[in-house]
Amino acid sequence: MDSPVRLAALVVSLVGISLAGCGHSVPTRYVSLSATPTSAPFTTHGIPPVQLTAVHIPDVLDRPEVVTQVSPNRLSMNDGDRWGAPLAQMMRRTLAQDLTTRLPAGSFVLPDAPAPPDTRTLVVTVLDSEANASGTLTMQAGWTLLSGHPPRVVLARQATLTSEMTDRDAPAQAAALSRILGELADRIAESIVAR
């Protein structure tokens with residue numbers, strides 16, 4: 001008769017310990033990127049259509065967690081701070097939204113949409129993106145414009161872009177990356193329109 005009482009007490013204790021442990025888990029926060037409005041879209045007419053087909057990012061960034069470089073050769077990842085979707089996909093979507101507002105009306109074909117036969121393709125490659133402990137986000141990226149059948153390179157450019165972060169947390173890093181993608185879209189659009 002004493003044994004069932006002890007068993008019941010043990011079960012109640014284990015449930016209590018389990019619930020107490022759950023109360024201390026770190027909540028997961030999801031962050032996303034957003035398009036950056038432009039103050040002066042290009043109004044040139046008659047340029048051949050362009051489609052953003054790919055944004056390539058380094059494997060070290062291609063993960064659910066938000067990555068911060070805390071010192072040379074050392075990264076920090078917080079399991080509680082995660083991207084709301086795969087980062088390369090979010091960057092392509094955000095960059096496409098930015099380019100839509102910067103290139104002349106009707107000249108940008110959305111990613112994965114059917115494209116007219118004379119559409120040029122745009123590929124963006126991110127070489128590196130670092131959010132350092134001092135609060136600066138730096139991104140090195142290149143873009144290539146291809147045209148014709150078979151495709152040939154008609155334009156290749158690179159840029160290093162920086163943005164100060166208002167804080168050192170994941171939302172501030174996402175906001176800084178969004179601003180950098182807007183600036184990258186400015187440079188891409190300018191180079192395409194001048195081509």
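FYI, it's all coordinate maths here, none of it is from the lab. Just so we're clear, the structure is a prediction, and the values are computed from it rather than from any experiment.
Ellipsoid fit via the Cα gyration tensor, the stretch 72-142: semi-axes of 31, 14, 11 Å, each the root of five times an eigenvalue, largest first. Ratio of Rg to Rh for the stretch 105-195: 1.06 [Cα atoms; Kirkwood radius as inverse mean 1/r over pairs]. Annotation: amide H-H contacts under 5 Å for S34 (H modelled 1.01 Å from N, sequence separation of 5 or more, or interchain): S178.
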